[in-house]
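A quick write-up on the structure given underneath.
The values are calculated or read from the model by the stated rules, or taken from the named source; none is laboratory data. Remember, it's a predicted structure, so these values are computed and weren't measured experimentally. Counting neighbours? That spans all protein chains shown, and the Cβs are built from the backbone with ideal geometry, glycine included. The protein model used for the area step is the full one, side chains on, heavy atoms only, and it has no ligands, DNA or RNA in it. Shrake-Rupley method; radii C 1.70, N 1.55, O 1.52, S 1.80 Å.
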Amino acid sequence: MKKEQEVGIFKPLYVLDHTPINAYFSKNSDDFVVREIPLYEFSGNGEHLILNIGKKDLTTYEALRILSEISGAKMRDFGYAGLKDKEGFTTQFISMPRKFEENLKNFSHEKLKILNTTTHNNKLRIGHLKGNAFFLRLKKVDSVNAFKIQEAFLNIDKIGFANYFGYQRFGKFGDNAKQGEDILKNKLKIKNPKIKDFLISAYQSELFNKWLSKRVEISKFIRDFSPKEIKEIYKFSDLDIKKLKNQDSFFKILSGDVLGHYPFGKLFLCENLEDEINRFKNRDTTVCGLLVGKKSFRSINLAKNLEDEIYKNAYEYENLMSGGRRFAWSYLKNANLKYNPQTAQVNLSFELDKGSYATVILEEILHKNIFD
């Protein structure tokens, strides 16, 4: 039995309909590259030094610790917009007090480089990024599987993708979410507040993935089955089924969904479904799934009924969590694919909004666990 089956890792439902594709992927610094895209241009003035760093085989925290030891700045003095994977080659922007700049003048490290520097008026905070640009190389790909990869990649670029949380969120053994739930139920004590918050967020993420997988299932059912069959399975009204059947997009909007302006903007309720279908189709808005917790924007009507099926047991603990919403359906930007038959390699490049996972895209393409 595989370890993922032993610990009960939840596997999200795929959007695309095809059999698994054969390709080899290794998350190393040559075949997996991530470049952070900042939210805004840096001013070139101010008391904060902005470092654009490149790292491999280091977590963001490990990179900060190295910079701290060399510069003399405290860990709390550093700012960053997001955490980057340890595996692969990743670049990101780090802020620190400008007064330590001279101490980094001759900085050298085999796994960490300072690519360039500038200055800014304020410290970087979590979320101060637009997104990330990715490069992934797939190996041992014959011409037949290269064609299948291309077709899947083009389909994702055309219709979008289910914005699941990636495996990184749930830990090596897939037990982060269970530990987060145990913390909320007072069955597990964690003293470190950052670890505690991370485990609780894994619990929220797993619920989000379960809800999103259900919405993908419903969207497929609406596309493929008759109104009579849909009514038997989901107990939707005839009017709701008609409204869902009339939507061209794969992912179906429900009455009462929480929507958000895409890629940035305020949340609002879908109270008039007909008005919102075209805006969603044109990528002006998207559906936003629940990260259960206090002060989270709540859905109504049919959308709420489906949310309650997934989240009902978590509502008891929502005041112990910071709630929010996350794009359920998102899109690739600047997507590009190249196949070299001589080397049997496929190169994929694309950009994702912040918080989206390249590994989710790759697993959607290949239809298998990429680390088996």
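Tabulated data
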{"read-out": "Matching residues, segment 67-92, being among the hydrophobic types (A, V, I, L, M, F, W, C) and open to solvent by 30 Å² or more (accessible area, probe 1.4 Å)", "value": "Ile70, Met75, Leu83, Phe89"}
{"read-out": "Odd one out for Gln150 among (1) open to solvent by 20 Å² or more (accessible area, probe 1.4 Å); (2) part of a helix (DSSP H, G or I); (3) within 25 Å of Ser29 (Cα to Cα); (4) touching a helix residue (DSSP H, G or I) at 6+ places or on another chain (Cβ under 7 Å)", "value": "(4)"}
{"read-out": "Number of positions in segment 65-91 that are outside any loop (DSSP other than H, G, I, E, B) and more than 17 Å from the chain's Cα centre (by Cα)", "value": "14"}
{"read-out": "Qualifying residue in segment 198-215 (condition: farther than 21 Å from Lys84 by Cα and over 16 Å from the mean Cα position of the chain (by Cα))", "value": "yes"}
{"read-out": "Given (1) at pLDDT 95 or above; (2) farther than 30 Å from Asp17 by Cβ; (3) outside any strand (DSSP E or B); (4) touching a His at 6+ places or on another chain (Cβ under 9 Å), number of the condition Met96 does not satisfy", "value": "(3)"}
{"read-out": "Matching residues in segment 132-170 - criterion: being within 17 Å of the chain's Cα centre (by Cα), over 24 Å from Val216 (Cα atoms) and not aliphatic (A, V, I, L, M)", "value": "Asn132, Phe134, Phe135"}
{"read-out": "Of all residues making up segment 257-279, the number that are farther than 29 Å from Gly180 by Cα and touching a residue at least 40 places away in the same chain (Cβ under 8 Å)", "value": "2"}
{"read-out": "Residue among Arg169, Arg223, Arg215 that is modelled with pLDDT under 95 and not polar (S, T, N, Q)", "value": "Arg169"}
{"read-out": "Verdict on Leu129 being more than 28 Å from Ser330 (Cβ to Cβ) and either among the aliphatic types (A, V, I, L, M) or modelled with pLDDT of 95 or more (or both)", "value": "no"}
{"read-out": "Neighbours by Cβ (under 9 Å, 6+ apart or cross-chain): first from segment 221-236, touching a residue at least 40 places away in the same chain (Cβ under 8 Å); second open to solvent by 40 Å² or more (accessible area, probe 1.4 Å)", "value": "Phe236/Pro227"}
{"read-out": "Answer residue from segment 96-131, given it is touching a residue at least 60 places away in the same chain (Cβ under 8 Å) and hydrophobic (A, V, I, L, M, F, W, C) and is most open to solvent (accessible area, probe 1.4 Å) among those", "value": "Leu115"}
{"read-out": "Single match in Gly46, Gly54 (criterion: closer than 19 Å to Thr119 by Cα, at pLDDT 95 or above and not in a helix (DSSP H, G or I))", "value": "Gly54"}
{"read-out": "Residue ranges of strands (runs of 3 or more DSSP E) in segment 259-372 with at least 2 members more than 30 Å from Ser143 (Cα to Cα), at pLDDT 95 or above and open to solvent by less than 20 Å² (accessible area, probe 1.4 Å)", "value": "285-291"}
{"read-out": "Failed item, numbered, when Gly44 is tested on (1) on the phi > 0 side of the Ramachandran plot; (2) surrounded by 14 or more Cβ atoms within 10 Å (Cβ to Cβ); (3) more than 20 Å from the chain's Cα centre (by Cα)", "value": "(2)"}
{"read-out": "Residue among Asn106, Asn116 that alone is over 15 Å from the mean Cα position of the chain (by Cα), part of a loop (DSSP other than H, G, I, E, B), of a type outside the set (Gly, Ala, Ser) and closer than 29 Å to Ile50 by Cα", "value": "Asn106"}
{"read-out": "Options Lys194, Lys189: the member that is more than 24 Å from Arg325 (Cβ to Cβ) and open to solvent by 70 Å² or more (accessible area, probe 1.4 Å)", "value": "Lys189"}
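Residue-by-condition table, conditions (1) among the charged types (D, E, K, R); (2) open to solvent by less than 80 Å² (accessible area, probe 1.4 Å); (3) within 29 Å of Asp85 (Cβ to Cβ):
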site: Gly160; (1), (2), (3): no, yes, yes
site: Asp175; (1), (2), (3): yes, yes, yes
site: Ile218; (1), (2), (3): no, yes, no
site: Ile222; (1), (2), (3): no, yes, no
site: Leu239; (1), (2), (3): no, no, no
site: Lys243; (1), (2), (3): yes, yes, no
